[in-house]
1. What's the local net charge at LEU121, with K and R +1, D and E -1, over the other residues with C-beta under 9 Å away?
2. Would you mind ranking ARG203, ARG112 by Cβ crowding within 10 Å, fewest neighbours first?
3. What pairs from LYS53/LYS244; LYS3/LYS241; LYS122/LYS193; LYS111/LYS244; LYS144/LYS241; LYS144/LYS198 go past 29 Å between their alpha carbons?
4. So, in Å, what gap is there between the alpha-carbon centers of segment 187-227 and segment 63-133?
5. Beyond 21 Å, what share of the Cα-Cα pairs of segment 159-250 remains, rounded to the nearest whole percent?
6. Scattering from the C-alpha atoms of the chain alone, worked out with Debye: what is log10 I(q)/I(0) at q = 0.08, 0.09, 0.11, 0.15 1/Å?
Amino acid sequence: MRKPIIAANWKLHKTVAETGAFLNAFLPEVTGIDDVEIVIAPPYTALLSATGKLSGTNVTLAAQNVFYEERGAYTGEISPAMIKDLGCAYAIIGHSERRQYFGETDETVNKRIKAALGHGLKVIFCIGETLEQREAGRTNKVLKGQLDGGLTDIPIDDIVVAYEPVWAIGTGVTATTGQAQEAHAFIRGVLQKKYGDKAQGVRILYGGSVKPDNVDDIMACPDVDGALVGGASLEPDSFAKLVKFRRSQK
Ligand code: PGA
């Protein structure tokens, strides 16, 4: 049994006050839900205030990224120990926006994952193809390359994979259930070759324009074990609806 995860990636949104207002509205909506892991990744600046509000609740805190060095002359970076200290259980690593705008590569993603695991964090490891790569028929090759590169010398136990087709992120265009299931099954197959039967226990999230009106269809795909959500996670009502996706389909 793979326990589903519904995760909010707030990206560059929300001050401390806005985070507090969101949680005040959201937490009562999801009290007592224990068949889904609920994860929220605010910006770094709101982690400390969020951790106070989340203590004793069923919602887990994540950071949107983490650097691979522990300390030193790395202006602007944040270490795994620092986010652990703020109560994060997860770090999102390898998001396509990090790859696209901040020069992250499979190699730096791999180093970040190693550092995060080394500090007892769990990792939401993001992969996904661009539209150009999909149209050129290279989706599987790209996904395999990202999995091989990102997971070099890494045990799978504390990794959650997020499949996020770049063309579906923030565009309103969702992958069809067929496209999502095909990619997720392919990813699980690659993990099966690398890790054997442990692959059956790995949660693989879908990300890319997930909304209350498409979450049930996406979650019904057999190899989709959750969602990583940007835009539709910013409003408490909308994110609570996602957490309450239709269970009977699973
Ligand atoms: P979106 O973002 O839900 O706004 O498409 C998803 C993500 O980037 O994780």
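Just so it is clear, none of the values below were taken in a lab; they were calculated from the coordinates. Just so it is clear, the structure is predicted and the values come from calculations on it, not from any experiment. Virtual Cβ from ideal backbone geometry, glycine too; neighbours counted across all protein chains shown.
1. Overall, the nearby charge balance is +1.
2. Working: ARG203 17, ARG112 24.
With the sparsest Cβ surroundings first, the list reads ARG203, ARG112.
3. Working: LYS53/LYS244 21 Å; LYS3/LYS241 18 Å; LYS122/LYS193 22 Å; LYS111/LYS244 35 Å; LYS144/LYS241 33 Å; LYS144/LYS198 17 Å.
Over 29 Å Cα-Cα: LYS111/LYS244; LYS144/LYS241.
4. With segment 187-227 and segment 63-133 each reduced to a Cα centre, they are spaced 21 Å.
5. Values: 1191 of 4186 pairs.
For segment 159-250, the fraction of Cα-Cα distances above 21 Å is 28 percent.
6. Calculated log10 I(q)/I(0) at the listed q: -0.27, -0.35, -0.53, -1.04.
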